[in-house]
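Report on one structure; see the data block that follows.
The values are calculated or read from the model by the stated rules, or taken from the named source; none is laboratory data. As the structure is a computational prediction, the values presented were derived from the model and not from experiment. When we count neighbours, we look across all protein chains shown, and the Cβ atoms used for this are built from the backbone with ideal geometry, even at glycine.
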Number of protein chains: 2
Amino acid sequence: MDTLENRELRYFVAVAEELHFGRAAERLGMAQPPLSRAIQQLERRLGVCLLERNRRGVRLTGAGEVLLHEGRAALDATAAAARRTRRAGGVDSPAGPRGRLVLAVKAAASHELLRKLLDAYAAEPDSAEIEVLPGGICEQEEQLRDGRADVALMYTPWNSLAGFDSEALTTEGQVAVLPAGHPLAARDTLSLAEVRDIPDLPLARWPTHGTYAPGPGPEIHNQTQLAQLIALGRTVAVVPDSARSWLWAEHTAVPLTDAPPVVTHIAWPAHSRSLALAGLIRTAARL
Amino acid sequence: MDTLENRELRYFVAVAEELHFGRAAERLGMAQPPLSRAIQQLERRLGVCLLERNRRGVRLTGAGEVLLHEGRAALDATAAAARRTRRAGGVDSPAGPRGRLVLAVKAAASHELLRKLLDAYAAEPDSAEIEVLPGGICEQEEQLRDGRADVALMYTPWNSLAGFDSEALTTEGQVAVLPAGHPLAARDTLSLAEVRDIPDLPLARWPTHGTYAPGPGPEIHNQTQLAQLIALGRTVAVVPDSARSWLWAEHTAVPLTDAPPVVTHIAWPAHSRSLALAGLIRTAARL
DNA sequence: GCCCTGTCATACCTGCCAGGTATCACCGCG
DNA sequence: CGCGGTGATACCTGGCAGGTATGACAGGGC
């Protein structure tokens, strides 16, 4: 029972995602027959049936589902190993733990906290260079997992902190953002139920891991688009308090009484040993 | 930049652990020259110097240290993928998420809680078969990481829950276990400082991840040995309250006032999606 | 019923690369 | 100054990853 190779995992993940040998082979830049054979070998090696081949297409078995999840995690881990090793060995001294840190943040987030953190950390002695990697709404988890980032700012309840170490930094409430002229904009507070049921003003939908939940509201891709749609009276959004900083004159923010609080965390891979990272975390915890 | 292969990681980890190409090659069951070449290729591929070759032996560079840690994690992840896939596809129905769950526990732990958990879970409808995997003091984390186990009972502050999801089950205090005749055995309570400084009765040392902290006390390998050494008046130990169940007549347990409480957690890999596991966790949380 | 199309599997070949053996270059040491 | 022990180099070879051609089989249009 020799350990399964990374190449086989890549192949299987491609097939499992495409559910089609031909397309998977194309995506992998190879011909279909060797791919078929490789998957068969993998199944024989594991002694497990991974795919159910119906004449028309392919379906995953239970074991296949498991391997898809675990295999993705394993591929992320090796990608992370490669990226972090490259980063550690870049141009700095061969043995020193000093280096660049990559900090993943939500591009849409207010940069008030980020600014404070970066300034405070830069003032520390022996601080490393911080590269800020702005990403989409839920991209931080992935970037942390596959090594594109060393540390991230994440926001519960949107991000999941599962699998990472983390430290809570700030908590804030949420507000509903309405068109300024809307009747409800005059209210002092609103409840989530009220916001969800405004006639002709459906709640905007944010992507979660690249996909949108079904619903009547428009699909939001970025903050400018959202601002525009609200100003036009086409939608209403629920955003954290700090988002008030980018509101327009055409917007009105009304505090929500029962929305879950948004907690900003600093998160990092669970077993990190970098001194630079430890320094950044310490700085963040003191803010 | 093609992704690095698993085989190369195994090779590098072996060399990094042995710090000697010859021994590493022997451990890998291969000749030394191909190993040398593989490591050179790896370094070229990553564009990073991993090892500092002095004429006498080898030393890790900073990047090498990073790759050793991250590479181990990646290898664990692929091993876990293989093991869990095999387990999922064993003999049960191809598509059903029903299967065996492997629960890692500390062999030395009291099985009162474990018994309750197993009984309660077995009484659930649709409960899966649970295989109990008794292990050493700190082995549970590793077993969870490399897929030998699906879920584990862990104990803070000894185990680290970093990287796992977990749920606290019970909290208990700690007691000092002394030879029955010892003068301090008559006390109602003791402090950690007092226990550490008993003349001629050094504190027993447990292994942490396979190694022992330096100190005067004896190195403990299992519970029977510890009981014996205490009964003989050669050592004193600090153990959780529930350990009273295995004490002998020659032992006396004295509650400690300032020892950190021991919390028993049920822990599992952060991204698990198994229904059987979810059921077990739900059962545990209700205990 | 037919053929056509789209699916994955099989058969067979070939070039590359992982790994083996033999040897070198270098250093420390008696 | 040879000797033992280190990692690196040179060269060869067999297995296997990957390609091409083709088969087996099912569904759908006519």
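Listed conditions (1) more than 13 Å from the chain's Cα centre (by Cα); (2) within 30 Å of B:L51 (Cβ to Cβ) are all met by B:R145, apart from (1). Taking the stated definitions as given, is A:T235 at pLDDT 90 or above and among the hydroxyl-bearing types (S, T, Y)? So A:T235 passes the test. Taken together, the residues in segment A:103-113 that are at pLDDT 95 or above and more than 11 Å from the chain's Cα centre (by Cα) amount to 1. When you look at B:A74, is it assigned to a helix (DSSP H, G or I), of a type in the set (G, A, S), near DNA strand C (Cβ under 8 Å from one of its atoms) and modelled with pLDDT of 95 or more, yes or no? Judged against the criteria, B:A74 is not a match. Applying the criterion of being more than 15 Å from B:G163 (Cβ to Cβ) and assigned to a helix (DSSP H, G or I) to the residues of segment A:131-165, the residue that is nearest to the other protein chains (Cβ to nearest Cβ) is A:E142. Would you mind stating whether A:L68 is in contact with a Leu (Cβ under 7 Å, 6 or more places away or on another chain), away from DNA strand D (no atom under 16 Å from the Cβ) and within 12 Å of chain B (Cβ to nearest Cβ)? So A:L68 fits the description; yes.
Residue check: is A:T224 more than 18 Å from A:L153 (Cβ to Cβ), assigned by TED's automatic domain parsing to the domain that holds A:P183 and buried (at least 20 other Cβ atoms within 10 Å of the Cβ)?
So A:T224 fails the test.
Do you know which of the residues in segment B:38-63 that are facing another protein chain (nearest Cβ under 8 Å) and not hydroxyl-bearing (S, T, Y) is farthest from DNA strand C (Cβ to nearest atom)? Step by step, filter segment B:38-63, then rank; the result is B:G62.
Selection of segment A:25-34 for residues being away from chain B (no Cβ under 14 Å) and either near DNA strand C (Cβ under 8 Å from one of its atoms) or without any contact (Cβ under 8 Å) to a residue 12 or more places away in the chain (or both) yields A:A25, A:E26, A:A31, A:Q32, A:P33, A:P34.
Among the residues of segment A:7-46, which ones are near DNA strand D (Cβ under 8 Å from one of its atoms) and of a type in the set (F, W, Y)? The answer is A:Y11, and nothing else.
With the requirement that a residue be among the hydrophobic types (A, V, I, L, M, F, W, C), touching a strand residue (DSSP E or B) at 6+ places or on another chain (Cβ under 8 Å) and surrounded by fewer than 15 Cβ atoms within 10 Å (Cβ to Cβ), what does segment A:243-287 give you?
A:A285, A:L287
Remark: pairs (first residue in segment B:244-270, more than 13 Å from B:M154 (Cβ to Cβ); second residue of a type in the set (D, E, K, R); Cβ separation under 6 Å; 6+ apart in sequence or on different chains) = B:A253/B:R244; B:V254/B:R187; B:A270/B:D165.
Please pick out the residue among B:G215, B:G147 that is touching a strand residue (DSSP E or B) at 6+ places or on another chain (Cβ under 7 Å) and on the phi > 0 side of the Ramachandran plot. Matching residue, one of B:G215, B:G147: B:G215.
Given the options B:R115, B:R187, name the one that is more than 30 Å from B:R234 (Cβ to Cβ) and surrounded by fewer than 19 Cβ atoms within 10 Å (Cβ to Cβ).
On the way: B:R187 fails: more than 30 Å from B:R234 (Cβ to Cβ).
Result: B:R115 is the single residue among B:R115, B:R187 that is more than 30 Å from B:R234 (Cβ to Cβ) and surrounded by fewer than 19 Cβ atoms within 10 Å (Cβ to Cβ).
Restricting B:V48, B:V66, B:V15 to those that are surrounded by 15 or more Cβ atoms within 10 Å (Cβ to Cβ) and either aromatic (F, W, Y) or in a loop (DSSP other than H, G, I, E, B) (or both) reduces the list to B:V48.
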